[in-house]
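Data block below; observations after.
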Amino acid sequence: MTDVVVRAATADDVPWLNRIYNTYIVDSHVSFDTEPWTDDERSAWFADRVALGYPVVVAERDGVVIGASWSGPWRDKAAYRTTVETTVVLAAGESGAGVGSALYRRMHENLRGAGFRVAVGVIALPNDASIALHRKLGYREVGVLEDVGFKDGVHYSTMLMLKDLTDV
């Protein structure tokens, strides 16, 4: 992992973010989006995240973005303003090498520095690798929402996991 740089994302990274995330939409159940995003949609999403103070970070190797982590509002109510939902995505073949952990560690530092107190991971089940990553980084399971997603003719449940960011 020594050749991987984790840094704040820039607008130039948007096509990479989109390419990686769209594979999750098309090739798996772990994103509940059902249609790939366009680069214009992702650019607007990125600008919104940055404007609202939600961190977006990327992992880069040799000028190629190989993973990303981002945060966003947990719910659209003022009392939730110190709680964020977190996401981490990796390019194909990058799992298991510590890239996801490095991305999330930087994300957690950024969130704490921005005054956020609680991170929520929402994991589409089954997804043992994601559950293991979240547990490794201090998230704890708080519940399962049964059959809340419907994609490709199948109902999927999600696990909610929380991390106390004051412990980062």
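The values are calculated or read from the model by the stated rules, or taken from the named source; none is laboratory data. These numbers come from a predicted model, not from an experiment. So basically every Cβ, Gly included, is an ideal-geometry build from the backbone, and we count neighbours across all protein chains shown. Ligands, DNA and RNA are stripped out before the accessible areas are found, and what is left, the full protein with its side chains, is counted by its heavy atoms. Shrake-Rupley method; radii C 1.70, N 1.55, O 1.52, S 1.80 Å.
Sticking with the crude label model, points 7 Å out along Cα→Cβ, report the distance from Thr23 to Ala11 in nm, one decimal please.
Placing both labels 7 Å along Cα→Cβ, they lie 2.7 nm apart.
Would you compute, from DSSP H runs of 4+ residues alone, the mean residue ellipticity of the chain at 222 nm, taking -39500 (n - 2.57) per run and dividing by the full residue count, rounded to the nearest 500?
Value at 222 nm, helices only, nearest 500: -9500 deg cm²/dmol.
For the chain, what % of the accessible area comes from carbon and sulfur atoms, probe 1.4 Å? Can you show the working numbers first?
Working: 4470 of 8890 Å².
Roughly 50 percent of what the probe reaches on the chain is carbon or sulfur.
For the stretch 38-97, what is the convex hull (Cα atoms) projected area averaged across all directions, in square nanometres?
Details: hull surface 21.5 nm².
With every direction weighted equally, the projected area is 5.4 nm².
In debye to the nearest 20, how big a dipole does the stretch 34-168 give about its Cα centre with +1 on each Lys and Arg Cβ and -1 on each Asp and Glu Cβ? The partial results should precede the final answer.
On the way: 15 positive and 18 negative charges, 132 e Å.
So the magnitude is around 640 debye.
If you roll a 1.4 Å probe over the heavy atoms of the protein chains, what accessible area per residue do you get for the chain, in Å²?
53
Fully extended, how many nm does the chain gain between His155 and Ala51 (0.36 nm per residue separation, minus their Cα-Cα distance)? It would help to have the intermediate numbers written out before the result.
Numbers: separation 104, 0.36 × 104 = 37.44 nm, distance 3.45 nm.
That works out to 34.0 nm of additional length.
Taking the chain as a Gaussian network, Cα atoms linked when under 10 Å apart, which of Thr82, Thr158, Thr38 shows the biggest mean-square fluctuation?
Thr38
Apply the Karplus parameterisation 6.51 cos²θ - 1.76 cosθ + 1.60, with θ equal to phi minus 60°, to every residue of the stretch 134-147 and state each ³J(HN,Hα) to the nearest whole Hz, in sequence, with x for glycine and proline.
Per-residue couplings from phi come out as 4, 4, 4, 9, x, 7, 10, 5, 10, x, 10, 9, 7, 6 Hz.
Taking amide H positions as placed in the peptide plane 1.01 Å from N, state which residues far from Ile66 in sequence (5 or more) or on other chains have amide H under 5 Å from it.
Placed amide hydrogens put Ala59, Glu60, Arg61 under 5 Å from Ile66.
(1) 51, 42, 25; (2) 41, 38, 31; (3) 43, 31, 31: which one is Cα extents along the principal axes in Å as calculated from this entry?
(2)
Stretched out fully, how many nm does the piece from Ala114 to Ser101 gain, at 0.36 nm a residue minus the Cα gap?
So the extension gain works out to 2.7 nm.
Between Ala97, Ala119, Ala79, where does the largest GNM mean-square fluctuation fall for the chain, given springs only between Cα atoms within less than 10 Å?
Ala79
Anyone know which of Val50, Val84, Val118 comes out most mobile in the 10 Å Cα GNM of the chain?
Comparing Val50, Val84, Val118 in the GNM, the peak value goes to Val50.
Hey, rough spin-label estimate for Arg81 and Asp147, points 7 angstrom out along Cα→Cβ, what's it come to in nanometres?
The modelled label-to-label distance comes out at 3.9 nm.
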